[in-house]
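Structure first, then comments.
Read-outs: derived from the displayed coordinates by stated rules, not from any lab. What you are looking at is a predicted structure, and each value in this text was computed from that prediction instead of being measured. Ideal geometry is used to build each Cβ from the backbone, glycine not excepted, and the neighbour counts take in all protein chains shown.
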């Protein structure tokens with residue numbers, strides 16, 4: 001039987017304070033969400049704002065029920081989720097690999113840095129017609145757009161994390177005759193874990209943006225398709241419903257990344 005850690009009274013008080021702070025933060029988050037939804041519903045119920053234009057929580061719930069009854073709710077969610085997750089994973093892996101290459105060669109980094117900055121500032125939606133011509137009108141085009149939106153930022157974030165590693169430790173590794181590969185494995189990758197976590201969090205939002213942008217350009221299904229279709233036929237309840245579902249999915253994905261961060265850090 002494992003012995004329980006014997007904490008001092010001061011340390012227990014400190015742990016209790018941290019726990020209470022976490023509970024307060026969680027309760028405040030829930031309160032803000034409930035308050036926003038409640039005020040939204042109240043304003044539409046009293047006709048202070050036009051529910052046809054802004055929809056309302058009750059109308060969103062009703063629309064979700066209609067989509068579920070029609071058997072299309074999880075179909076559209078599944079399509080967008082699949083495109084987003086695949087694009088997210090590709091962008092993270094590719095961005096990490098490119099960041100390693102740029103870190104390993106200062107010359108290559110200096111040569112490519114202006115091009116990376118230019119590519120990052122390029123409005124990706126402008127490439128929509130070219131993406132359709134190059135890749136087609138299927139899921140591949142939407143996944144490509146997702147990767148395109150995310151990969152440069154992932155690369156730049158990870159590269160910044162690699163470069164920010166303590167120079168003293170790098171000098172120590174070099175003085176001990178460590179190779180680039182050894183330095184990368186033993187020092188750079190472990191030390192840049194916070195940068196990786198931050199990159200994952202940023203990539204969550206960018207992946208959803210990319211997949212919806214792709215569905216705006218070319219799609220026959222998905223939440224982005226519902227938003228476009230709802231806007232075209234003035235079914236604004238459908239637009240708000242798809243947007244609400246996107247927020248829930250993005251929040252869930254961000255929550256998963258946070259749980260992974262806590263597990264690995266622990």
Can you order the peptides 64-72, 187-195 by their average number of other Cβ atoms within 10 Å per residue, highest first? 187-195, 64-72
Rounded to two decimals, what is the ratio between the C-alpha radius of gyration of the range 152-264 and 2.2 N^0.38 Å? 1.55
Can you compute the FRET efficiency between residue 134 and residue 36 using 1/(1 + (r/R0)^6), with r the Cβ-Cβ distance and R0 = 35 Å? Round to the nearest 0.05. 0.25
Descending packing, highest mean Cβ count within 10 Å first, for 243-252, 149-158, 17-26 is 149-158, 243-252, 17-26
Here the gain from full extension of residue 29 to residue 178, 0.36 nm per residue of separation minus their alpha-carbon distance, amounts to 48.9 nm
Which angle between 0 and 90 degrees, to the nearest 10, do you get for helix 236-265 versus the longest principal axis of the chain when only C-alpha atoms count? 20 degrees
Which shape class applies to the range 9-49: rounded if a/c is under 1.5, otherwise prolate when a/b exceeds b/c and oblate if not, where a ≥ b ≥ c are the square roots of the Cα gyration tensor eigenvalues? prolate
As I understand it, the value is the acute angle between the Cα axis of helix 106-121 and the longest principal axis of the Cα atoms of the chain; what does it come to in degrees, rounded to 10? 10 degrees
Hey, what did the chain get for relative contact order, percent, Cα under 8 Å, at least 6 apart? 24 percent
So the angle from the long Cα axis of helix 9-45 to the longest Cα principal axis of the chain, reported in degrees to the nearest 10, equals 30 degrees
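With 25 Å as the cut-off, how large is the P(r) tail for the range 57-265, expressed as percent of Cα-Cα pairs?
Pairs farther apart than 25 Å: 47 percent.
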Under Stokes-Einstein, the range 1-158 at 4 °C and 1.567 mPa s, with its Kirkwood radius over C-alpha pairs, diffuses with a coefficient in µm²/s of 61 µm²/s
Please say if the range 212-255 is rounded, prolate or oblate, where rounded means a/c under 1.5 for a ≥ b ≥ c the square roots of the C-alpha gyration tensor eigenvalues, and otherwise the choice is prolate for a/b larger than b/c and oblate otherwise? oblate
Applying 1/(1 + (r/R0)^6) with R0 = 25 Å to the Cβ-Cβ distance of residue 163 and residue 186, what FRET efficiency is obtained, to the nearest 0.05? 0.90
Spin-label point model (7 Å from Cα, Cβ direction): what's the residue 170 to residue 9 distance in nm? 4.9 nm
Sort 141-147, 129-135 by the packing proxy (mean of other Cβ within 10 Å over each peptide's residues), most packed first. 141-147, 129-135
Each label sits 7 Å from Cα toward the beta-carbon; between residue 46 and residue 69 the label points are separated, in nm, by 3.1 nm
